[in-house]
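The values are calculated or read from the model by the stated rules, or taken from the named source; none is laboratory data. Because the structure is a prediction, the values reported are computed rather than measured. Reconstructed Cβ throughout: ideal geometry from the backbone, glycine too, with neighbour counts over all protein chains shown.
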Amino acid sequence: MQISKLELKNISYYKQGSEETPCYNATVYVNGKKAVEVSNEGRGGSDRQFAYPQFMEEWDSHMGNLLQTLDQYCIKTFGTKKYEWGEVEIDLEHWCQDRLYDHLEQKKLKTDMRTKFICVDKVKNELYAYKKRGVSDVQFQNHMKKNHSQDVCLNFLEFDLAWKLYDGVV
């Protein structure tokens with residue numbers, strides 16, 4: 001079985017339990033099939049990763065250990081991430097936590113977009129927002145055309161495109 005698609009789904013995040021690391025549970029899907037349950041208690045330790053027995057029945061043992069293979073796939077596919085203090089290989093654990101943080105940011109963006117118009121100043125590469133109170137979409141679009149024609153309001157884009165622009169700014 002070749003790995004062609006990796007997804008993190010069924011994400012549950014527990015802010016109150018997150019101390020040194022995020023406290024969460026999620027499911028890793030490989031090629032659209034439920035493969036690994038991941039979790040972290042939020043107290044600074046590594047993620048726990050458990051392969052689903054149903055997935056293991058289909059796993060080709062010639063490919064080796066599932067979790068090691070997924071780590072190798074992630075490192076090969078996603079490379080390294082640079083921080084001020086050094087570089088980290090993006091293994092399965094880092095990939096899962098990156099997806100978790102994306103999930104949380106997307107959730108926050110969706111919430112903010114319900115009460116505000118979120119815009120990107122393309123010249124300054126900055127975000128700004130206007131409260132929606134008493135302003136219709138049409139009124140705000142006219143305001144943007146008149147006063148901020150070079151900018152983009154994320155509320156009027158498909159969410160995936162809005163997320164890419166937002167993620168490129170923050």
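Observations
- Across the stretch 140-155, the number of residues qualifying as loosely packed, with under 10 Cβ neighbours inside 10 Å and in a helix (DSSP H, G or I) comes to 3.
- Qualifying residue in the stretch 21-41 (condition: loosely packed, with under 14 Cβ neighbours inside 10 Å and more than 21 Å from Gln72 (Cα to Cα)): no
- The sole residue among Leu70, Leu100 that is surrounded by 11 or more Cβ atoms within 10 Å (Cβ to Cβ), in contact with a Pro (Cβ under 9 Å, 6 or more places away or on another chain) and either closer than 25 Å to Cys23 by Cβ or touching a residue at least 12 places away in the same chain (Cβ under 8 Å) (or both) is Leu100.
- Only one of the listed residues (Tyr24, Tyr14) is of a type in the set (Ser, Thr, Tyr) and either on the phi > 0 side of the Ramachandran plot or in contact (Cβ under 8 Å) with a residue 40 or more places away in the chain (or both). That residue is Tyr24.
- Any chance Tyr29 is within 16 Å of Met1 (Cβ to Cβ) and modelled with pLDDT of 95 or more: yes
- Number of residues in the stretch 120-136 that are surrounded by fewer than 13 Cβ atoms within 10 Å (Cβ to Cβ) and in contact (Cβ under 8 Å) with a residue 24 or more places away in the chain: the value is 3.
- Candidates in the stretch 83-97 are the residues that are touching a strand residue (DSSP E or B) at 6+ places or on another chain (Cβ under 8 Å) and charged (D, E, K, R); of these, the one that is nearest to Glu37 (Cα to Cα) is Glu93.
- Looking only at residues in the stretch 80-128 that are outside the structural domain of Ser12 (by TED's automatic domain parsing) and part of a loop (DSSP other than H, G, I, E, B), the one that is nearest to the chain's Cα centre (by Cα) is Asn125.
- So Ser46, is it among the polar types (S, T, N, Q) and in a loop (DSSP other than H, G, I, E, B): yes
- Just one of (1) under 16 Å from Lys110 (Cβ atoms); (2) outside any helix (DSSP H, G or I) fails for Val135. It is (1).
- Residue count for the stretch 8-48, restricted to those that are in contact with a helix residue (DSSP H, G or I) (Cβ under 8 Å, 6 or more places away or on another chain) and over 13 Å from Gln97 (Cβ atoms): 6.
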